[in-house]
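Step one of this worksheet: look at the structure below.
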Amino acid sequence: MTKIRLTNTKTRRKEVFAPLDAANVRMYLCGPTVYDRAHLGNARPVVVFDVLYRLLRHVYGPEHVTYVRNFTDVDDKINARAAEMVAAGDGRPLVEIIRVLTDETIGWYHADMDALGALRPTHEPRATEYIGQMIVMIEALIARGHAYAAQGHVLFDVRSYPDYGALSGRSVDDMIAGARVEVAPFKEDPLDFVLWKPSSDDQPGWPSPWGRGRPGWHIECSAMSEELLWKKQIEAGRLSGKALEKPHTFDIHAGGIDLQFPHHENEIAQSKCVHPGSEFARVWMHNEMLQVEGKKMSKSLGNFFTVRDLLDKGVPGEVIRFVLLGTHYSKPMDWTEAKAREAEATLAKWRELVAGIPADQNPHPAILEALSDDLNTAGAIAVLHECESSGNLAALKASAMLLGLLEDGMGDWAVARSAYDSLKSVLVARAEARANKDFKTADIIRNALSEHGISIEDMPDGRFKPKLDAIKVFEHFNALPLQEKREFLGDNSYMEGSGVSVSLVTNAYQRMISKKILEALK
């Protein structure tokens, strides 16, 4: 079996990964707070750890990996947006408004991450669906002397946990010395953090032993990971004897480096104090931050953008993914337009090369070697270039797919680009004929396009706009014999009745017609 080595933030070493149970490898990634669109920095951990998920599935089998990524759907930023809607006259109950807002944002998130080729996790829990489990955990912390109630709040007693700060390498005394926050009067110690807080009438809240309120941020992931990666796995009979010997513990916890402190530090403290003797998570992995053109991404610098901003500007999701994987996850990553252009050209070339070629059954061994060496995605991409250079296109396709690239569902942009380039050649030929007053040739091109369902609208300023009759295109496609359909699509695996997208057919049609017209003009 492939030996995977991962850098463990907890030990600060690269270690051989040995799951507690090879039949059920368990990982958790901190997900988004769903109050707005995901920005590009939010996408980096999703893509990076999607590659880890794919690698684990390849090595241990798809049915032997359990992946959890949560949604934080209770947060003051969400409450603020809902309050704005109420102030604007929305008469729905607050709870309904918040649910609609978070449902919409989760839908945006799914659409954007799907566009980047990220596989959906096994479980995507919403924090609001696990309030009961959070309350039970908080009660246990109070009972064990690790938390206390004060003025409707419940706080974790940081000094009750001697190992606090071990993950981030900070001492409690240094944290106190560097603290620059106002200490709430109900805190016994400035470092104590909130597990539960009271809710006013205009805020969402749940009944609890400490009054109506809502959970603090940090308790959410402790409760959801315990429920989904331990309790539910036991109920389903999916844990081996070896895994049961390490109770309340799973294999990998991942997230951005910005979450290392205080969020992940607090998760560890909560979970290990509720379950003394447990490890909580055995391997901790953190990706570094993202920059834009060498500068920190921020709204004040005007270089802040969401994944949707890039997609709407025509940057394909596959291209975004390629750029994000071009830098090792442990290094700061710089997004530049030059990298995006280079990635688009590379992927377009690779897609053209592998069109119609079945992928090898397994990826190239060198790809596995690179990814198994602490997710060396940059090294893996270098192997893809070597596969191209050597003409090993079946290996190129299979290996790229392990990285989430060159997959069938992500290539419409490249087909469209190829089709546009082909059609553009015809339109340029017509424009040149018109400029040279060769109206006979211009009319021949226009009529030829029209016969095949592509009309040209000439604009007053000399520009022109092509329009395609999709119904006519599909009539043509459906009338073709199977082999001609395969040639038409450039896909020898196509079978009658297989689903095929409108864009794939229309783009292939444009390429074919453009080729015919250009050949006729020679």
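The values are calculated or read from the model by the stated rules, or taken from the named source; none is laboratory data. All figures in this text were calculated on a predicted structure; none of them were measured in a lab. Glycine gets a Cβ as well: all are built from the backbone with ideal geometry, and neighbour counts include every protein chain shown.
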Sole miss for residue 228 among (1) surrounded by fewer than 18 Cβ atoms within 10 Å (Cβ to Cβ); (2) touching a strand residue (DSSP E or B) at 6+ places or on another chain (Cβ under 9 Å) is condition (1)
Find the residue count for segment 396-424, including only residues that are in contact with a Pro (Cβ under 7 Å, 6 or more places away or on another chain) and modelled with pLDDT of 85 or more. 3
Criterion first (surrounded by fewer than 15 Cβ atoms within 10 Å (Cβ to Cβ) and of a type in the set (S, T, N, Q)) does residue 222 satisfy it? no
In segment 1-58, which residue that is acidic (Asp, Glu) and surrounded by fewer than 23 Cβ atoms within 10 Å (Cβ to Cβ) is farthest from residue 308 (Cα to Cα)? 21
Go through (1) touching a helix residue (DSSP H, G or I) at 6+ places or on another chain (Cβ under 8 Å); (2) in the same structural domain as residue 401 (by TED's automatic domain parsing); (3) in contact (Cβ under 8 Å) with a residue 40 or more places away in the chain one by one and return the number of the condition residue 255 breaks. (2)
Tally the residues that are among the acidic types (Asp, Glu) and within 26 Å of the chain's Cα centre (by Cα), restricting the search to segment 202-243. 3
Check every one of the helices (runs of 4 or more DSSP H) wholly within segment 242-328 and list those with 2 or more residues that are closer than 21 Å to residue 26 by Cβ. 265-274
Lone unmet requirement of (1) touching a strand residue (DSSP E or B) at 6+ places or on another chain (Cβ under 8 Å); (2) surrounded by fewer than 19 Cβ atoms within 10 Å (Cβ to Cβ); (3) farther than 27 Å from residue 192 by Cα; (4) not hydroxyl-bearing (Ser, Thr, Tyr) for residue 235: (1)
Looking across segment 310-344 at residues that are acidic (Asp, Glu) and at pLDDT below 95, the single one that is surrounded by the most Cβ atoms within 10 Å (Cβ to Cβ) is 344
Is there a residue in segment 181-203 that is surrounded by fewer than 12 Cβ atoms within 10 Å (Cβ to Cβ), polar (S, T, N, Q) and out of contact with any Cys (no Cβ under 6 Å at 6 or more places or on another chain)? yes
Those residues of segment 383-405 which are over 20 Å from residue 54 (Cα atoms) and assigned to a loop (DSSP other than H, G, I, E, B), in sequence order: 391, 392
If the requirement is being acidic (Asp, Glu) and either in contact with a strand residue (DSSP E or B) (Cβ under 8 Å, 6 or more places away or on another chain) or modelled with pLDDT of 95 or more (or both), which of these qualifies: 75, 90? 75
Complete set of residues in segment 425-457 that are loosely packed, with under 12 Cβ neighbours inside 10 Å, outside any helix (DSSP H, G or I) and at pLDDT below 75: 457
